[in-house]
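Student: One structure, as C-alpha cells, below. Some questions next.
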Amino acid sequence: MKLKFVEDKPKITLFLDGDYINFDDQSELQNLLDTVQNNKINLIKINAANLGHWDSTLIVVLYELTKQVHNQRIEIVYEKFPPNLKRLLDLAFMVDRKPSLPQKEELPFLETIGDWGICLWKKITKGLGFLGQCMKSFGRWLKADAIMRRVDFLFALQDCTYKAVGIVSLVSFMVGLILAFVGAVQLKTFGAQIYVASLVAIGMTRIMGAIMVGIIMAGRTGASYAATIGTMQVNEEIDALKTMGIPISDFLVLPRILALSLSVPFLVILADFMGIIGGAAVGIFMLDIPVNEYYRYTINALNLTNFWVGLFHGLVFGIIISVCGCYFGVFCGRNADSVGKATTEAVVSAIVWMIVMTGIITFIFEVLGI
Amino acid sequence: MTNSQVKIEVSGLTIAYGDFVLLKNLKFNINKGDVFIIMGGSGCGKSSLLRVLTGLTPVTIGKIMIDGINFTSASQDVRNEIMQKNGILYQGGALFSSMTLAENIALPLKQYTNYSEKLISELVSLKLSLVGLTGFEDFYPSEISGGMKKRAGLARALALDPQIVYFDEPSAGLDPISSKMLDDLIMEINQSLGTTIVVVTHELNSIFNIGTNSIFLDGNTKSITGYGNPKDLLKNPPNEEVYKFLTRGGERKNA
C-alpha cells in the first residue's frame, strides 16, 4: 500500500511515505475516496514528512484526489510538503482553471436529419458560389479584364502538358494492352480475334482514353492544385490577395482551369494513340494478326464522332479536375493536416464527379443518337 | 456624430464561430495617426479581431466604421475601395512564393494604378530601400531570412501608400535586434507618413516602445478590460489581469 491513511472521524490523515516513482494505482486512490465518502469525512490531511523521490505521477494522484474531494466540499490540508511539489500542484490547478468547452449534446433523430440537410445545403451553395465566381472570372477574361498573370497560365500549362506526357503514354499503352487481352479471350472462342482491333480503337477513342487521362490528371495535377493553393492559405498568401482586393478566382483559379481544360483534350488524343498501339502489340505479337490487317480494322473502326465524344469528355474532365483542385485548395484549413485532407478530397471528388458526368453525358448522347 | 480624428470606430462588435462566442460587445476608437495596440493573452481573439477589422472574417454582430463609412454593411466594391487604402503585414510576411520581391511589391501597383513599368520599378526600389532591402529586388522569398521576409511584406503593404497599416504579431520569430529594427520602422512610417498603425502583439517591449493607444482583450470575460495608452495602463492598471500582463505576471503590492 502506497497510500497509507489513518482514519480519525471526521478527518483522515494520508501519509506519503517513501518513493513515488511511476505510481499508477487507481485502486488505491479509489479505496481512499470510498473511505472518505462512506465515513462522512470533512477534512483530509496529507502529510509528506517522509516523502522520498517522486515524479509527475504523484502530482496526478494528488490532483485527482484534491479535485474529487473539493467537489464534496471536503477541506484538504497539505502538511510538510516540499515547496517544489506544492508549486507544481498549484500550477496543475492554475492550468485547469478554464472550463473545457461544453460537450455537444447528441441531437434527436429529426434534428440530426435537419442538421445534415442544412449542412448539405450550405455545401451546395458554397460550391455553386465558387463555380459562379469562376464563371465571372472567365467572363472577365473574355473581356480581357481579369487579373491573371500570363506567366502563371504558362507555368500551369507547362505542368499539365509535356510534363504529363510520359505517365499518360505509359498508362494508356497498358490500358490498350489490357483491353486487347480481355477482348481476345472472349473473341478467340468465336474465332473473331481480328475484332480486337475494332474493340480497342472504339473503346479508347470514345471513352477509355478520356477516363484514363482524367484519373491520371486528377491524381497528378488536381492534387497538386489543391496542395499548392492550400499551402498558400496556410501561409496567409490568400488573405494577402483578398485584402489587396484581388479576386482569387482571377489570380489563382482561372489560369489553372484554362491550362487544364486546354491540355486535357490534347492528352486524350495522345492516350487514344498510345492505347491503340498497346492493343496492336497484343494483336500482332500474341494473336498473330498481320500488321496490315490490324491496321485496316483499326482504321475502319475509327470514326470522327467517337473521336469528338472522347475530346468532349476530356474538356469536361479538365474543367472538373481543375475546379475540384482549386475549390478544396481555396477552402482549405490553416494547418498542415488540412492541406493533406484538401488534397485527398480534391482527387476523390474529381474522380466521383467525372464518373457522374460520364453517366450524364453518355445518357444525353444516347438520347441524341450520337 | 463622427469625430474627424477617428479613423476606425468599432461599436457593439461580437465575434463568434458558430455557437462559440470569442469576443462580445467590443467598443473602441482608433484615431488618425495612432499606433494602436491590440494586446491580450494567447487565444483571447487578437488575431480574430484583426481578421474582422481587415474584412477577412464577416462580422457576427456590431459595426465597424472606417473614415465614417460603415465597413460592415458596405457593398463589396466599397469594401474593396477601403481595403485598397489598407496595408497588412502578416505574421510570416505572406509573400507569394512564386514571385520575386519586386514582383510581390509591384502586384498591387500594377493592379490599382496606371503607372508605367519604369515608375513601378522605381517605386518598388523605393519601398524596398524604405525597409532596408535595397538590391533584393530579384530574390525569391525562399532565399531570404524570416526578418527580411517581414520587411519585404511591409514594403508590399506600403506599396499603395496606405492610410492604415495592420501588423499581425510583427515581432513573432524575430531576434531582439530585428524586433527593435521593425519597431523603429513602424515608428518611422507612423511619424514620417502619418499612417495609422494597428498592431496585434503581446511583446511587452514593442507595446511600450511604439504604442500610443491600446486595448487589452481578456479571454475569460471575452471583452475589453483595459483601454488607453499602455504606459498609463501600467501606471494605473484597471484590473489585476492587465497589470499581470503588462508586468509579465507581477503581483501588485497594494492590490
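Values quoted throughout were computed directly from the atomic coordinates according to the rules given, and no laboratory measurement underlies them. For clarity, every value in this text was computed on a predicted model and none was experimentally measured. Methodologically, a virtual Cβ is constructed for each residue, glycine included, from the backbone with ideal geometry; neighbour enumeration extends over all protein chains shown.
Student: All other residues with a Cβ under 13 Å from the Cβ of A:W116 taken together, and with Lys, Arg as +1 and Asp, Glu as -1, what is their net charge?
Tutor: Net charge in that neighbourhood comes out at 0.
Student: Taking every DSSP beta bridge with both residues inside region A:3-95, roughly what % is antiparallel (nearest 5)?
Tutor: 30 percent
Student: Can I ask one more? Please give the Cα centre distance for region B:36-55 versus region A:261-310, rounded to the nearest Å.
Tutor: Using only Cα atoms to place each centre, the spacing works out to 62 Å.
Student: I've got another one for you. Would you mind classifying region B:5-77 by shape? Square roots of the alpha carbon gyration tensor eigenvalues, ordered a ≥ b ≥ c; an a/c under 1.5 is rounded, otherwise it is prolate if a/b is larger than b/c and oblate if not.
Tutor: oblate
Student: Taking the 0 to 90 degree range and rounding to the nearest ten, how far is the long axis of helix A:83-95 tilted relative to the main principal axis of chain A, both from C-alpha atoms?
Tutor: Helix A:83-95 sits roughly 50 degrees off the main axis of chain A.
Student: Right, here's the next one. Between A:W54 and residues 5 or more places away or on another chain, which pairs have amide H atoms under 5 Å apart, with H built 1.01 Å from N, and which residues are they?
Tutor: Long-range HN contacts for A:W54: A:Y20.
Student: Give the whole-number value, in cubic angstrom per residue, of the convex hull volume spanned by the C-alpha atoms of the protein assembly as shown.
Tutor: 277 Å³
Student: I've got another one for you. Listing A:W141, A:W54, A:W308, A:W116 from the residue with the fewest other Cβ atoms within 10 Å to the one with the most, what is the order?
Tutor: A:W116, A:W308, A:W141, A:W54
Student: ³J(HN,Hα) across region A:350-355 via Karplus (A = 6.51, B = -1.76, C = 1.60, θ = phi - 60°), whole Hz, x for Gly/Pro?
Tutor: 4, 5, 4, 5, 5, 5
Student: Given H placed 1.01 Å from N in the peptide plane, which residues other than close sequence neighbours of A:E79 have an amide H under 5 Å from its amide H?
Tutor: A:I46, A:N47, A:A48
Student: For A:V60 and A:E105, what is the calculated FRET efficiency with R₀ set at 22 Å and r taken between the beta-carbons, to the nearest 0.05?
Tutor: 0.15
Student: Based only on other Cβ atoms within 10 Å, what is the fewest-to-most ordering of A:M217, A:M274, B:M187?
Tutor: B:M187, A:M274, A:M217
Student: While we're here: By the gyration tensor of its Cα atoms, with a ≥ b ≥ c the square roots of the eigenvalues, what is the shape of region A:241-370: rounded for a/c under 1.5, prolate for a/b over b/c, or oblate?
Tutor: prolate
Student: Rank the residues A:L110, A:L311 as a footprinting-exposure proxy: fewest other Cβ atoms within 10 Å of their Cβ go first.
Tutor: Sorted ascending by nearby Cβ count, the order is A:L110, A:L311.
Student: I need the phi-derived Karplus couplings for region A:231-239: 6.51 cos²θ - 1.76 cosθ + 1.60, θ = phi - 60°, integer Hz, Gly and Pro marked x.
Tutor: 5, 5, 5, 4, 7, 6, 5, 5, 4
Student: Net charge around B:I15, counting only other residues with Cβ within less than 12 Å of its Cβ (Lys, Arg = +1; Asp, Glu = -1)?
Tutor: Around B:I15, the surrounding residues sum to +4.
Student: Based on the Kirkwood radius over alpha-carbon pairs, what value in µm²/s does the Stokes-Einstein equation return for the translational diffusion coefficient of chain A at 37 °C and 0.692 mPa s?
Tutor: My calculation gives 123 µm²/s for D.
Student: What Rg and what Dmax come out for region A:3-95 when only alpha-carbon atoms are used, in angstroms?
Tutor: Over region A:3-95's Cα set, Rg and Dmax evaluate to 12.4, 33 Å.
Student: Quick check: from the Cα gyration tensor, does region B:1-126 come out rounded (a/c under 1.5), prolate or oblate?
Tutor: prolate
Student: Consider just the alpha-carbon atoms of region B:187-255 and return their Rg together with their Dmax, both in angstrom.
Tutor: For region B:187-255, the Cα radius of gyration and maximum Cα-Cα distance read 13.1, 43 Å.
Student: Here is a follow-up. Quick check: the distance between the Cα centres of region A:1-54 and region A:146-204, to the nearest angstrom?
Tutor: That distance is 75 Å.
Student: Just counting partner chain Cβ atoms within 10 Å, what average do the residues of peptide A:239-252 show around their Cβ?
Tutor: 6
Student: Of all DSSP beta bridges located in the protein assembly as shown, what percent are antiparallel, nearest 5?
Tutor: Close to 45 percent.
Student: When only C-alpha pairs under 8 Å and at least 6 residues apart count, what is the relative contact order of chain A, in percent?
Tutor: Relative contact order, chain A: 18 percent.
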